[in-house]
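Bear in mind these aren't lab numbers, they're just calculated from the coordinates by the rules spelled out. As the structure is a prediction and not an experimental result, all values here were calculated from the model. Positions of Cβ are backbone-derived with ideal geometry, glycine not excepted, and every protein chain shown enters the neighbour counts.
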Amino acid sequence: MKKVRTRFAPSPTGYMHIGNLRTALFEYLIAKHEGGDFLLRIEDTDQGRKVEGATDIIYNTLKMVGLQHDEGPDIGGDYGPYIQSERIGMYKEYADRLVELGGAHYCFCSEEEVETQRKEAESFNKAFKYDDPCKHIPLEEAKKRIAAGEPYVVRQTIRHGGATHFDDEVYGRIEVDNDVLDESILLKSDGFPTYNFANIIDDHQMKITHVVRGNEYLSSTPKYNLIYESFGWEIPTYIHVPHVMKDEHHKLSKRNGDASFQDLVTKGYLPQAILNYIALLGWSPETEQEIYTLEEMVKAFSIKRISKSPAIFDIDKLTWMNGMYLRAMSLEEFHALCEPYLCQAIHRDVDRKAVSRILQPRTDTLAQIAESVDFIDTLPDYSIEMFIHKKMKTTYEISLTSLKAARKALEELNDWSTEERIHDLLLTLPAQLGMKNGQVLWPVRTAITGKQFTPGGAIEITHILGKEETLRRIDKGIEKLETEA
Ligand code: GLU
């Protein structure tokens with residue numbers, strides 16, 4: 001059997017669209033599942049869309065998620081160059097050959113002529129398809145005009161009548177009447193190929209066996225197959241994938257403000273969690289398993305289980321999955337990720353690793369950290385009603401009694417080095433006061449954080465804040481209850 005070879009062929013637009021990254025992942029999984037090669041090719045023939053630094057974003061993203069390519073512009077390979085703008089001369093040679101083979105022709109029409117036909121089609125509400133008079137120009141005459149310096153493009157020639165079909169691995173048999181296929185430009189007047197041509201030449205030259213790409217290319221694929229046939233080349237296996245949607249009707253699109261891969265990372269999502277989540281956008285594994293390492297995905301992946309119905313990007317599900325990844329880490333790993341966020345959010349001298357410890361069970365994205373720990377620097381101006389908690393069975397009176405008792409006990413504690421001492425101390429109070437644990441711990445936590453929800457409880461936070469600050473905050477709580485309740 002031939003070695004499976006797939007390619008990720010992004011255009012350098014300056015960001016990594018989630019749908020594109022999913023395509024890259026599927027290509028990687030298809031190749032690696034069969035022990036094949038995964039290539040990176042940069043499709044930059046649309047020079048007008050070129051963005052500075054865009055290829056670095058592509059390399060960095062692949063690196064961050066661990067999709068290591070076997071060949072590509074940065075690492076070379078036997079079938080380079082892997083950047084289309086460096087392959088220009090070759091496209092022209094193939095275009096000329098295709099003209100000789102009858103699969104294309106030289107076209108001298110001006111843009112105005114094409115526009116006139118387009119407008120006419122529009123006025124009749126007809127789908128536009130350029131009927132190119134140039135395809136009737138005898139080849140020898142066309143060549144003479146080119147030699148005389150007349151500007152030209154190369155257009156595909158599509159014979160009238162009949163139909164072209166192919167079998168897509170996801171969408172099944174696709175059949176299109178040849179008469180609806182347009183005679184697209186393959187080579188522009190500046191010598192640059194269009195996607196319609198470059199994809200075929202490159203995929204053939206790079207020995208690509210499986211082409212994975214968005215389903216927007218589904219209807220053009222018959223056109224591409226006609227070119228493969230003209231050259232007598234083997235047609236690759238096609239795997240067109242449905243769009244990643246924002247909701248039922250809208251595509252996820254960076255242009256409409258939806259998050260790119262980098263945006264998600266900035267929002268505190270882990271590259272591995274993003275990759276895991278997007279694997280499930282359109283691929284359904286055979287089991288209920290949802291959390292996968294890349295290696296596990298490689299093993300489990302099967303083209304047969306790619307769905308043709310559009311997948312909806314559910315940020316809540318990603319957030320959940322991200323939380324699962326964060327919780328599965330060692331405290332050391334988690335703390336290393338939190339550190340930059342903690343350094344920004346906390347200016348008080350506290351044990352930041354202890355803060356990470358209380359954050360880990362309750363953090364779904366790193367971007368939540370700043371808000372979760374904001375009370376450490378500054379006690380917010382909280383309302384006295386927060387001392388009342390129905391389930392904890394607290395009242396103003398109970399809260400005041402508890403705070404006073406806690407203050408007294410904590411004031412006497414000099415060894416603040418471990419949480420255990422604080423734990424033991426605070427948990428002797430309920431029995432002494434004839435109360436339930438919550439009737440002491442809730443008021444203490446309220447007084448020292450001023451928040452309803454916090455990572456960690458009264459004991460852990462008391463330990464983190466230290467003696468002086470804890471007592472100061474408890475005093476404030478006592479004062480509040482004495483004056484406002
Ligand atoms: N450069 C094309 C894109 O970014 C690639 C499509 C393909 O994979 O063939 O949409």
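What FRET efficiency comes out for H160 versus K391 if R0 is 45 angstrom and r is the Cβ-Cβ distance? Round to the nearest 0.05.
0.05
Taking only C-alpha pairs under 8 Å that are 6+ residues apart, what is the relative contact order of the chain in percent?
Answer for the chain is 12 percent.
Where in region 158-251 are there GluC sites (Glu not before Pro) that are in a DSSP coil and have at most 15 other Cβ atoms within 10 angstrom of their Cβ?
Sparse-neighbourhood loop GluC sites (Glu not before Pro): E234, E248.
Can you list, largest first and rounded to whole Å, the semi-axes you get for region 340-389 by taking the square root of 5 times each eigenvalue of its Cα gyration tensor?
21, 14, 10
Throw me the Rg/Rh for region 230-297, computed over C-alpha atoms with Kirkwood Rh, two decimals.
Radius of gyration relative to Kirkwood radius: 1.09.
How much FRET efficiency would the formula 1/(1 + (r/R0)^6) give for E111 and Q344, where r is the Cβ-Cβ distance and R0 is 56 Å, rounded to 0.05?
After rounding to 0.05, the efficiency reads 0.60.
When only DSSP loop residues count, what trypsin sites (Lys or Arg not before Pro) in region 72-129 have their Cβ near at most 13 other Cβ atoms within 10 Å?
K126
Please enumerate, by chain and number, the aspartates and glutamates with C-alpha under 14 Å from the C-alpha of K467, excluding those fewer than 8 residues away in the same chain.
D349, D351, E411, E412, D415, E419, D475
Hey, how much of the P(r) for region 36-131 falls beyond 22 Å, as a percent of Cα pairs?
56
Using the eigenvalues of the Cα gyration tensor, what equivalent ellipsoid semi-axes result for the chain when each is taken as the square root of five times the eigenvalue, whole Å, largest first?
Largest first, the chain gives 66, 22, 20 Å.
Around L280, what is the net charge, scoring Lys/Arg as +1 and Asp/Glu as -1 over all other residues with Cβ under 13 Å from its Cβ?
-2
Which order do L366, L40 fall in if you start with the one that has the fewest other Cβ atoms within 10 Å?
So the ranking, lowest neighbour count to highest, is L366, L40.
Can you sort M386, M329, M16 by how many other beta carbons sit within 10 Å, fewest first?
Listing M386, M329, M16 from fewest to most nearby Cβ atoms yields M329, M386, M16.
Which value in nm describes the separation of the simple spin-label points at R472 and I75, placed 7 Å from the Cα toward the beta carbon?
5.4
In deg cm²/dmol, rounded to 500, what helix-only [θ] at 222 nm does the chain give when every DSSP H run of at least 4 residues adds -39500 (n - 2.57) and the total is split over its residues?
-14000 deg cm²/dmol
By count of other Cβ within 10 Å, fewest leading, how are D258, D132, D167 ordered?
Lowest count first: D167, D258, D132.
Checking the table K135/K188; K2/K223; K3/K254; K353/K480; K3/K223 against a 28 Å threshold on Cα-Cα, which pairs fail?
Beyond 28 Å between Cα atoms: K3/K254; K353/K480.
For region 279-404, report the translational diffusion coefficient in µm²/s to the nearest whole number, using Stokes-Einstein at 10 °C, 1.306 mPa s, and a Kirkwood Rh over Cα pairs.
Reported coefficient: 86 µm²/s.
So, counting K/R as plus one and D/E as minus one, what does the shell of residues with Cβ under 10 Å around W442 add up to?
Surrounding charge for W442 is +4.
Give me the number: length gained by fully extending H250 to I303, i.e. 0.36 nm times residue separation minus the C-alpha to C-alpha distance, one decimal in nm.
Length difference between fully extended and current span is 16.6 nm.
Could you let me know the centre-to-centre spacing of region 384-427 and region 91-143, using Cα atoms, in angstrom?
That distance is 83 Å.
Show log10 I(q)/I(0) for region 151-240 at q = 0.12, 0.21, 0.23 Å⁻¹, two decimals, from a solvent-free Debye sum over equal Cα scatterers.
Results for region 151-240 at q = 0.12, 0.21, 0.23 Å⁻¹ read -0.36, -1.10, -1.29.
Alpha carbon centre of region 433-485 versus region 1-29: separation in Å?
Value for the Cα centre distance between the two parts: 53 Å.
If you check each cysteine of the chain for another cysteine whose beta-carbon is under 4.7 Å away, which ones come up empty?
Lacking a cysteine Cβ partner under 4.7 Å: C109, C338, C343.
With labels modelled as points extended 7 Å from the Cα through the Cβ direction, what inter-label distance (nm, one decimal) is found for A370 paired with E140?
That separation, rounded to one decimal, is 7.4 nm.
At E175 and S219, where each label point lies 7 Å from the Cα along Cα→Cβ, what is the point-to-point distance in nanometres?
Roughly 1.9 nm, to one decimal.
State the extension gain, in nm to one decimal, for the chain segment bounded by E122 and D56, taking 0.36 nm per residue of separation less the distance between their alpha-carbons.
Full extension from E122 to D56 adds 19.6 nm.
Which trypsin sites (Lys or Arg not before Pro) in region 364-423 pass both tests, a DSSP loop state and at most 11 other beta-carbon atoms within 10 Å?
K390, K391
Give me the compactness ratio for region 397-485, meaning the Cα radius of gyration over 2.2 N^0.38 Å.
That works out to 0.97 for region 397-485.
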